[in-house]
Amino acid sequence: MSPPAHHRDGRFQNNDGDFEAKSLAELIRWRWNAARRGLPPRPQAPIPTQAADLGFLHANAGPAQQPAVTWVGHATVLAQLGGLNLLTDPIFSERASPLSFAGPRREQPPGVALQDLPTIDAVLVSHNHYDHLDLPSCRALADQPGGGPLFLVPLGLQKWFHQRGLRRVVELDWWQSHTLAGVEIFLVPAQHWSARGLNDRMKTLWGGFAVFAPDCQLFFAGDTGYSRDFTRIRERFADRQADGGFDVALLPIGAYEPRWFMKEQHVNVEEALKIHADLAAKRSLGVHWGTFELTDEALDEPPRQLALQRAALGLAEDAFFMLPIGGTRRLPRRR
Ligand code: ZN
Ligand code: ZN
């Protein structure tokens, strides 16, 4: 049997077109232009934050659990569903960087502090970029009282965890799943790339997650450019979603400027709205903004764009919503 098309000579590739991660020369050109023009602009208003409802988050367990999503910041979301506490791409550190003294610094503290989290059952890691896979956060979670969570990671990343003494890890290829306490969790394609060092481009896989619990179906995109992957995902899971698509999709809406550099790897708000439509998600939450200044748009530009474009499409606020950092949205149960 020949290997899947996205496996290429010990590396991985995206589904649509031959994806080339940007070169060092292009990176320098982007950074030079941004510095010359003074980008990104300062935000016009503070990023909304609120104190998390810790009483609710800790009591929201067991058979009476109500599906809920809480935005911790960036792509970190506490998802409570199927009786489980899931955490996406946990980063609680001061910087999204291999270095403690350099690299993008947090603009606001996590909406829920590490020590205030309820016991996490599983962590979904979308890929190995520093703003999504943060070693100190993973270590702290592995040391949580009562035992560490299960880390679900894309192909090639299990070794990275094992080498760092984190043993409870399952790695998945696209469309493979792992079932935890009756909740089925799939890794699904996204258009992105991977690297942590100088010589590991595309050597570990990246992706999103589709989570199927009886009371809630959740999608988490990780980082992605716009592609046909989201139509494929809807088609693949159509039989589970006869009553409509995912109950909630966690979609990135930030880190998209300049387009010539970012378009293939990070969607802008317009494309995030297309993903929402491609998935036929019942509602989406905009994440991956407001936390680290990574790109040329102002930190508070994505929600302004979302409000404008949502209105232009005639979409209700609840169809593609935002939360303050620390905020929780409770969701209706599927059954
Ligand atoms: Zn990334
Ligand atoms: Zn990212």
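The values are calculated or read from the model by the stated rules, or taken from the named source; none is laboratory data. Treat the numbers as computed from the prediction; the structure is a model and nothing was measured. Cβ coordinates were reconstructed from backbone atoms using ideal geometry, including for glycine residues, and neighbour counts include every protein chain displayed. Areas reflect the complete protein model, heavy atoms only, side chains present, ligands, DNA and RNA absent. Shrake-Rupley method; radii C 1.70, N 1.55, O 1.52, S 1.80 Å.
The table that follows gives values for the structure above.
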{"item": "Net lengthening on full extension, GLN163/ALA242 (0.36 nm per residue, minus Cα-Cα)", "result": "24.2 nm"}
{"item": "Gain in span if fully extended, ARG329 to SER23, counting 0.36 nm per residue against the direct Cα distance", "result": "106.2 nm"}
{"item": "Residues of the stretch 11-101: accessible area per residue with a 1.4 Å probe, Å²", "result": "50 Å²"}
{"item": "Within the stretch 178-285, percent of DSSP bridges classed antiparallel, to nearest 5", "result": "75 percent"}
{"item": "Charge-dipole axis of the chain as Lys and Arg at +1 and Asp and Glu at -1 on Cβ define it, positive-most pick from PRO104, SER126, GLY146", "result": "PRO104"}
{"item": "With every protein chain in place, the stretch 55-330: carbon and sulfur % of accessible area (1.4 Å)", "result": "53 percent"}
{"item": "The stretch 53-172, relative contact order [Cα under 8 Å, separation at least 6], %", "result": "20 percent"}
{"item": "Total charge dipole magnitude, the chain, about the Cα centre, Cβ charges on Lys, Arg, Asp, Glu only, Debye to nearest 20", "result": "300 debye"}
{"item": "Dipole of the chain, positive end: most advanced residue of LEU198, LEU294, LEU250 [Cβ charges, Cα centre]", "result": "LEU198"}
{"item": "Burial ranking of peptide ranges 8-20, 302-314 (average Cβ count within 10 Å, highest at the top)", "result": "302-314, 8-20"}
{"item": "Phi to ³J(HN,Hα) by Karplus 6.51 cos²θ - 1.76 cosθ + 1.60 over the stretch 237-251, Hz, x for Gly, Pro", "result": "9, 4, 5, 8, 10, 4, 9, x, x, 3, 5, 8, 10, 9, 10"}
{"item": "Surface per residue (accessible, 1.4 Å probe) for the stretch 203-286, Å²", "result": "28 Å²"}
{"item": "Helix-only [θ]222 nm of the chain, DSSP H runs n ≥ 4, -39500 (n - 2.57) each, per residue, nearest 500", "result": "-6000 deg cm²/dmol"}
{"item": "Beta bridge orientation in the stretch 55-330: antiparallel %, DSSP, nearest 5", "result": "60 percent"}
{"item": "Percent RCO, i.e. relative contact order, over the stretch 55-330, from Cα pairs under 8 Å lying at least 6 residues apart", "result": "18 percent"}
{"item": "Lys/Arg +1, Asp/Glu -1 at C-beta; the chain dipole; positive extreme among GLN115, ASN33, PRO63", "result": "ASN33"}
{"item": "Calculated from backbone phi, Karplus (6.51, -1.76, 1.60) coupling profile of the stretch 294-310 in Hz, x at Gly/Pro", "result": "10, 9, 8, 7, 4, 4, 9, 6, x, x, 5, 4, 4, 4, 5, 6, 4"}
{"item": "Net charge over other residues, Cβ less than 14 angstrom from the Cβ of HIS276 (K, R count +1; D, E count -1)", "result": "-2"}
{"item": "Cα-based Rg and Dmax for the stretch 55-330, where Dmax is the largest Cα-Cα distance (Å)", "result": "17.1, 50"}
{"item": "Zone residues, the stretch 302-318, relative to ARG259, backbone N less than 18 Å from point 7 Å out along Cα-to-Cβ", "result": "302-310, 312-313"}
{"item": "Within-12-Å neighbourhood charge of GLN305 [Cβ basis; K, R +1; D, E -1]", "result": "-4"}
{"item": "Centre separation in Å (Cα based) which lies between the stretch 135-162 and the stretch 170-199", "result": "14 Å"}
